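Enquirer: Before anything else, here's the structure in question.
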Amino acid sequence: MGQAFLDNSLWRNVYCFLAGDSSSCASRDYSAGLLPAGMEWLAFAIAAIIIIGLFVNGVLGGVIVLIWGERRLFGRFQSRTGPNRWGPWGTLTSVADAAKTMFKEDVVPADADKILFNLAPILIAAPALLVFSVIPFGIGTYVADLNVGVLFIMAITSLTTLSVLTAAWSSANRIAILSALRSVALLISYEIPMALAVVGVIMLAGSMSLGDIIVAQGIPFILVQPLGFFVFFMAAMAEMARAPFDLTEAESELAAGYLNDYASMKFGLFFLAEFMAEISTSAIITTLFLSGWRGFEPIPSHFWFGAKLIAVLFVIIWFRMTLPRLRIDQVLKFAWKGLFELTMINIIVTAILIAIWPEPTVRHLWYMAAVNWPVAILSIWLVTKLLGTPAYDRTQPDSNAPEYPVGSEEIPASSAYVVETSAQEGGD
């Protein structure tokens, strides 16, 4: 096994438990393993299956917990109880929903393209899982540490556009196709500022490896790159189609959107991918801007990463419950006339600061933070002014229009309709 795998505590412990008498494991003070000498290839294959299964099942278990936690938070935000019937405090509600989805009838439209219709749920769920392969959850706890980890994440997440379009086109549903076209316009618009938002992080760290980015954060980059964090967070919310950017599932106009014709576990995979994307986005933000697993001793690094991830998830849910849905023109205008310009400002300012301090120390990072925060606040304020609703002319009342009183006033005599009765009728 290579040195890179041995530096990974997950790979090293599993592999050397199976092939402890190999030369690479013996140099790390491991004794004889379960498999005989010469079976290192089998030990590597078994270790890969175990680690992949561990990550996949961990993510799926996290989705179940997230669905329950999000519903409980929804209940608190909306002044209601939330799930509380199945299991203690409703903890088994997500399990019941999963079982219900599995046993629903799988309906396929008669005019659908069967191959693409069945392939689309896999296309949207697989990238959401692949993102976790390069995220370090603790010291030496990751599947692979790519030297282009940031580029890998951006490339993998862009496959969502293809899967959405495939799902809608294969179902031969006009409403689904309209939803997919709207979704593709949104995804393409926000992929650009999202990618540009991390350029400042890459410039500061000098690497696209997620492990190197965490090590480079003497202080969390959210303090050094507030403008980059703001743009990345907004773009990530749009990429996940979360409120206020949930235009692909505008119920009043598009029903269930591009997955309108999906049922049973095909629909469940789309639902699963949405929540996996929420967890992966929180993990990426934690890694790029919140110094990942770094914390204070003796608390384990995995605890720090998990605590930061949960905090980001809470902010995402809070953000969703606070803001109303935007119109499609507002969403696209915000991307092209707001976030894109903010990323340009962030890149230019960061480049100037790095030219002044080519190899920034922790003290230099604090200097950069002192410069970037006023720049971020001023830039966001200017963008809000440029994108704000234009002032309307104050309307003047028409002097010839009838007067209508409010509840506290009496009806003026000029507006009252009086029925005149004759004296004869009054006598009768």
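Enquirer: Looking only at the range 109-131, count how many residues are in contact (Cβ under 8 Å) with a residue 24 or more places away in the chain and not in a helix (DSSP H, G or I).
Expert: The number of residues fulfilling the criteria is 4.
Enquirer: Moving on. I'd like to know if the range 271-287 contains one or more residues that are in the same structural domain as ALA155 (by TED's automatic domain parsing), in a loop (DSSP other than H, G, I, E, B) and surrounded by fewer than 22 Cβ atoms within 10 Å (Cβ to Cβ).
Expert: For the range 271-287, residues in the same structural domain as ALA155 (by TED's automatic domain parsing), in a loop (DSSP other than H, G, I, E, B) and surrounded by fewer than 22 Cβ atoms within 10 Å (Cβ to Cβ): absent.
Enquirer: Just to verify a result, which residue in the range 325-337, among those that are among the hydrophobic types (A, V, I, L, M, F, W, C) and closer than 13 Å to LEU247 by Cβ, is surrounded by the fewest Cβ atoms within 10 Å (Cβ to Cβ)?
Expert: In this case the residue turns out to be ILE328.
Residues are listed down the side, and each one gets a yes or a no for (1) over 16 Å from the mean Cα position of the chain (by Cα); (2) at pLDDT below 85; (3) hydrophobic (A, V, I, L, M, F, W, C):
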{"position": "PRO88", "(1), (2), (3)": "yes, no, no"}
{"position": "LYS114", "(1), (2), (3)": "yes, no, no"}
{"position": "PRO121", "(1), (2), (3)": "yes, no, no"}
{"position": "ILE124", "(1), (2), (3)": "no, no, yes"}
{"position": "GLY140", "(1), (2), (3)": "yes, yes, no"}
{"position": "GLY149", "(1), (2), (3)": "yes, no, no"}
{"position": "ILE156", "(1), (2), (3)": "no, no, yes"}
{"position": "SER163", "(1), (2), (3)": "yes, no, no"}
{"position": "SER171", "(1), (2), (3)": "yes, no, no"}
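Enquirer: For the range 167-184, indicate whether the set of residues that are within 30 Å of VAL349 (Cβ to Cβ), in the same structural domain as TYR142 (by TED's automatic domain parsing) and not in a loop (DSSP other than H, G, I, E, B) is non-empty.
Expert: No, every residue in the range 167-184 fails to be within 30 Å of VAL349 (Cβ to Cβ), in the same structural domain as TYR142 (by TED's automatic domain parsing) and not in a loop (DSSP other than H, G, I, E, B).
Enquirer: Any residue in the range 87-105 that is surrounded by 16 or more Cβ atoms within 10 Å (Cβ to Cβ) sitting within a Cβ distance under 9 Å of a residue that is among the hydroxyl-bearing types (Ser, Thr, Tyr) and assigned to a loop (DSSP other than H, G, I, E, B)? List the pairs, counting only those 6 or more apart or interchain.
Expert: Taking only residues 6 or more apart or on different chains, the pairs are GLY90/THR81.
Enquirer: Please count how many residues of the range 132-150 are in a helix (DSSP H, G or I), in contact with a helix residue (DSSP H, G or I) (Cβ under 6 Å, 6 or more places away or on another chain) and among the hydrophobic types (A, V, I, L, M, F, W, C).
Expert: Residues in the range 132-150 being in a helix (DSSP H, G or I), in contact with a helix residue (DSSP H, G or I) (Cβ under 6 Å, 6 or more places away or on another chain) and among the hydrophobic types (A, V, I, L, M, F, W, C): 2 in total.
Enquirer: Anything in the range 107-134 that is in contact with a Leu (Cβ under 6 Å, 6 or more places away or on another chain) and closer than 17 Å to VAL63 by Cα? List them, or say none.
Expert: PRO121, ALA125, PRO127
Enquirer: May I ask you to list the residues in the range 354-386 that are touching a residue at least 12 places away in the same chain (Cβ under 8 Å), crowded, with 17+ Cβ neighbours inside 10 Å and either farther than 19 Å from GLU341 by Cβ or touching a strand residue (DSSP E or B) at 6+ places or on another chain (Cβ under 9 Å) (or both)?
Expert: Within the range 354-386, ILE354, PRO360, LEU365, MET368, ALA369 qualify.
Enquirer: Here are some conditions: (1) at pLDDT 80 or above; (2) surrounded by 21 or more Cβ atoms within 10 Å (Cβ to Cβ); (3) of a type outside the set (A, V, I, L, M). PHE267 meets all but one. Which one does it not meet?
Expert: PHE267 satisfies all of (1) at pLDDT 80 or above; (2) surrounded by 21 or more Cβ atoms within 10 Å (Cβ to Cβ); (3) of a type outside the set (A, V, I, L, M) except (2).
Enquirer: Looking only at the range 312-324, count every residue that is surrounded by 15 or more Cβ atoms within 10 Å (Cβ to Cβ) and either among the charged types (D, E, K, R) or outside any helix (DSSP H, G or I) (or both) and tell me the total.
Expert: 1
Enquirer: Has the range 97-104 got at least one residue that is under 30 Å from ASN8 (Cβ atoms) and among the charged types (D, E, K, R)?
Expert: no
Enquirer: Which residue pairs have Cβ atoms closer than 9 Å, lie 6 or more positions apart in sequence or on different chains, and pair a first residue in the range 67-85 that is under 22 Å from ALA277 (Cα atoms) with a second residue that is acidic (Asp, Glu)?
Expert: Matching pairs, first to second residue: ILE67/ASP97; GLU70/GLU278.
Enquirer: Looking for something closer than 26 Å to ASN57 by Cβ, in contact (Cβ under 8 Å) with a residue 24 or more places away in the chain and of a type outside the set (Lys, Arg) - is there at least one such residue anywhere in the range 213-222?
Expert: Yes; the residues of the range 213-222 include at least one that is closer than 26 Å to ASN57 by Cβ, in contact (Cβ under 8 Å) with a residue 24 or more places away in the chain and of a type outside the set (Lys, Arg).
Enquirer: Sticking with this one: Based on this model, can you work out whether GLY61 counts as modelled with pLDDT under 85 and either within 29 Å of THR322 (Cβ to Cβ) or in a helix (DSSP H, G or I) (or both)?
Expert: Answer is no for this residue.
Enquirer: Please work out which residue is nearest to ILE124 (Cα to Cα), limiting yourself to the range 185-218 and to residues that are outside any helix (DSSP H, G or I) and of a type in the set (Gly, Ala, Ser).
Expert: SER209
The values are calculated or read from the model by the stated rules, or taken from the named source; none is laboratory data. This structure is a prediction, so every number in the text was calculated from the model and none was measured. Neighbour counts are summed over all protein chains in view; Cβ atoms, including those assigned to glycine, are modelled from backbone coordinates with ideal geometry.
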